[in-house]
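K.L.:
Following this message is one structure expressed as structure tokens.
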Amino acid sequence: MSAESEKKSPRFMNFLIVDDQDNMRRSIRAMLKLINYGKELHEAPNGREAWKFLTSDNTSIDFIIADYAMPFMKGTELLSRIRTHKKLRDIPFLMITAEANKEVVAEAAEHEVDAYLTKPFVTASLEHKIDELLARAFTPDPLTLHLRQARDLEEKGDVPGAIEAVKMASAANPRSSRPFRELGRLMLKTGDMPTGLKCFQKAIEINRMDVTSYHYLGQIYYRQGELDKAISHFAQAMEISPRHADRAIKFVRLLIKKGTRPEAEKVLRLILKNNGNDPDIQEEVAGLAMDLEQFTLAIKCYRTILKDQPDYMLINKKLGIALQKNEMYNEAVLHLEKAAGKYGEDLDLLLSLAQAYLAMNMPIRADKWANLANRLYPDNAEVKAILDKCL
């Protein structure tokens, strides 16, 4: 067998298997050994560890098989990093999913996953998918070739050349939304927002699941001052793929900065509607709700988090402050005093406790917390004002 044939054969490739389930990694390893695929077989328990391994000095991986849903860093996050890394970006990537629902399909398309396989699967299915993926990798179609050319030209600073290459990609496959999405991005890079807008509109006309294009359209409409259209497109993106809340959260920050508070609150509620079970999103939404003085919304988020993590002291503190600002003093002091053991020198916590007890007509307790705050922050005018009221 020639050296070139060896390079293309999965028998002589180094595989990386990424899955948080030990038995799943063992199962895939056994399947690969059964079909004699893989010169070396490496494993990682999640995307974060896989990324450390891939970026280590002595690593050479030719094929990645990764689960979609993993702690610390899921499969699509790992893939996103890989696609932006010059050394790693062209490694064939097979995504393993529990179910190929619209969210998974949308994320896979956005991050340019090469193929995905639905659990459970048998050895023959894995072998077929690897062979199919490698055949495309070694003999890419014209669409892929032109898009890679565009990528290389853009990296060299030749944006006009990249635009022409993307147009050739679109001509090669007019049914793909990706060239229009790429063309829209390049047009924005040149400052041609109207053409960029048309390109993204064409992309979602071709593919209603093109999450990235919805986000770009949301950004464009925001810049044009068309907030209703911007919100509508961010909402559509979240409907397709709720995990893209991070972009919507950035949009909320822009709205807050611009002073459009009702619109910001509307987007926050959309984020919660689509990400109600994600504690990290809940906490971030709650923080933004506090900035908007939407204390009821913040309280709802913090309470949801505490249902599963009742001893999460930071959230107890934040919930207590939100309750105090919402004039729910009896409940506020319970959470604030619970958190005081860990955050007893936190000025916001001390002020909230003193203010809550003062509002409850309990000046002795208010004085206790205000005096502690005064010892720690002797120049704070708000603390001194509370002390004066306690006399």
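Let's see how each residue does on (1) outside any helix (DSSP H, G or I); (2) not charged (D, E, K, R):
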{"position": "Gly38", "(1), (2)": "yes, yes"}
{"position": "His42", "(1), (2)": "yes, yes"}
{"position": "Glu49", "(1), (2)": "no, no"}
{"position": "Phe53", "(1), (2)": "no, yes"}
{"position": "Ser60", "(1), (2)": "yes, yes"}
{"position": "Ile64", "(1), (2)": "yes, yes"}
{"position": "Phe72", "(1), (2)": "yes, yes"}
{"position": "Arg81", "(1), (2)": "no, no"}
{"position": "His85", "(1), (2)": "yes, yes"}
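K.L.:
Within the stretch 369-390, can you find the residues that are of a type in the set (A, V, I, L, M, F, W, C) and under 14 Å from Asp348 (Cα atoms)?
P.N.:
Within the stretch 369-390, Trp369, Ala370, Leu372, Ala373, Leu376, Ala381, Val383, Ile386 qualify.
K.L.:
Another question about this same structure. Residues in the stretch 224-251 that are touching a residue at least 12 places away in the same chain (Cβ under 8 Å) and under 15 Å from the mean Cα position of the chain (by Cα): how many?
P.N.:
14
K.L.:
Which of the residues belonging to the stretch 24-40 are buried (at least 17 other Cβ atoms within 10 Å of the Cβ), more than 18 Å from Ala69 (Cα to Cα) and not hydroxyl-bearing (Ser, Thr, Tyr)?
P.N.:
Residues satisfying the conditions are Arg29, Met31, Leu32, Gly38.
K.L.:
Could you grab me the full set of residues in the stretch 288-315 that are assigned to a helix (DSSP H, G or I) and aliphatic (A, V, I, L, M)?
P.N.:
Leu288, Ala289, Met290, Leu297, Ala298, Ile299, Ile305, Leu306, Met313, Leu314, Ile315
K.L.:
Going by the conditions given, is Glu205 part of a helix (DSSP H, G or I) and either crowded, with 23+ Cβ neighbours inside 10 Å or touching a residue at least 40 places away in the same chain (Cβ under 8 Å) (or both)?
P.N.:
Answer is no for this residue.
K.L.:
Out of all the residues in the stretch 152-166, which are surrounded by fewer than 17 Cβ atoms within 10 Å (Cβ to Cβ), in a helix (DSSP H, G or I) and of a type outside the set (Asp, Glu)?
P.N.:
Of everything in the stretch 152-166, those that are surrounded by fewer than 17 Cβ atoms within 10 Å (Cβ to Cβ), in a helix (DSSP H, G or I) and of a type outside the set (Asp, Glu) turn out to be Val159, Pro160, Gly161.
K.L.:
Condition first: under 30 Å from Phe180 (Cα atoms) and not in a helix (DSSP H, G or I). Can you find one or more residues in the stretch 267-275 that meet it?
P.N.:
The answer is yes; a qualifying residue exists.
K.L.:
Consider Ser213 carefully, then state whether it is under 22 Å from Asp280 (Cβ atoms), in contact with a helix residue (DSSP H, G or I) (Cβ under 7 Å, 6 or more places away or on another chain) and surrounded by 15 or more Cβ atoms within 10 Å (Cβ to Cβ).
P.N.:
Here the answer is no, as Ser213 does not meet what is asked.
K.L.:
Tell me, which residue of the stretch 368-391 that is over 17 Å from Gln324 (Cβ atoms) and acidic (Asp, Glu) is nearest to the chain's Cα centre (by Cα)?
P.N.:
Asp379
K.L.:
When you look at Lys338, is it closer than 18 Å to Lys389 by Cβ, free of Cβ contacts under 8 Å to residues at least 40 places away in the same chain and charged (D, E, K, R), yes or no?
P.N.:
no
K.L.:
Given the structure, is Leu376 surrounded by 15 or more Cβ atoms within 10 Å (Cβ to Cβ) and at negative phi?
P.N.:
When the stated conditions are applied, Leu376 does not pass them.
K.L.:
In the stretch 54-78, which residues are at pLDDT 85 or above, of a type outside the set (Gly, Ala, Ser) and buried (at least 16 other Cβ atoms within 10 Å of the Cβ)?
P.N.:
Matches in the stretch 54-78: Leu54, Ile61, Asp62, Phe63, Ile64, Ile65, Asp67, Leu78.
K.L.:
Can you say whether Asp278 is within 28 Å of Thr212 (Cβ to Cβ), of a type in the set (Asp, Glu) and surrounded by fewer than 16 Cβ atoms within 10 Å (Cβ to Cβ), as far as the supplied structure shows?
P.N.:
It is false that Asp278 is within 28 Å of Thr212 (Cβ to Cβ), of a type in the set (Asp, Glu) and surrounded by fewer than 16 Cβ atoms within 10 Å (Cβ to Cβ).
K.L.:
Any idea how many residues of the stretch 142-196 are hydrophobic (A, V, I, L, M, F, W, C) and under 24 Å from the mean Cα position of the chain (by Cα)?
P.N.:
Of the residues in that region, 4 qualify.
K.L.:
So in the stretch 304-326, with the set limited to residues that are charged (D, E, K, R) and either in contact with an Asp or Glu (Cβ under 9 Å, 6 or more places away or on another chain) or modelled with pLDDT of 95 or more (or both), which one is surrounded by the most Cβ atoms within 10 Å (Cβ to Cβ)?
P.N.:
Lys318
K.L.:
What single numbered condition from (1) in contact with an Asp or Glu (Cβ under 6 Å, 6 or more places away or on another chain); (2) under 21 Å from Ala137 (Cβ atoms) fails to hold for Asn46?
P.N.:
Here Asn46 meets the rest and fails (2).
K.L.:
Would you mind stating whether Ala235 is small (Gly, Ala, Ser) and touching an Asp or Glu at 6+ places or on another chain (Cβ under 9 Å)?
P.N.:
When the stated conditions are applied, Ala235 does not pass them.
K.L.:
Same structure, new question: In the stretch 87-98, how many residues are modelled with pLDDT under 85 and in a loop (DSSP other than H, G, I, E, B)?
P.N.:
Count: 1.
K.L.:
Let me ask something else about it. So is Ile281 assigned to a helix (DSSP H, G or I), in the same structural domain as Ala370 (by TED's automatic domain parsing) and more than 26 Å from Ala381 (Cα to Cα) or not?
P.N.:
So Ile281 does not fit the description; no.
K.L.:
Also, I was wondering about something else. Kindly provide the set of residues from the stretch 228-248 that are of a type in the set (A, V, I, L, M, F, W, C) and at pLDDT 85 or above, ordered by number.
P.N.:
Matches in the stretch 228-248: Ala230 only.
The values are calculated or read from the model by the stated rules, or taken from the named source; none is laboratory data. Small disclaimer: the values here were computed from a predicted structure and weren't measured. All Cβ positions, even for glycine, are placed from backbone atoms using ideal geometry, and neighbour counts span all protein chains on display.
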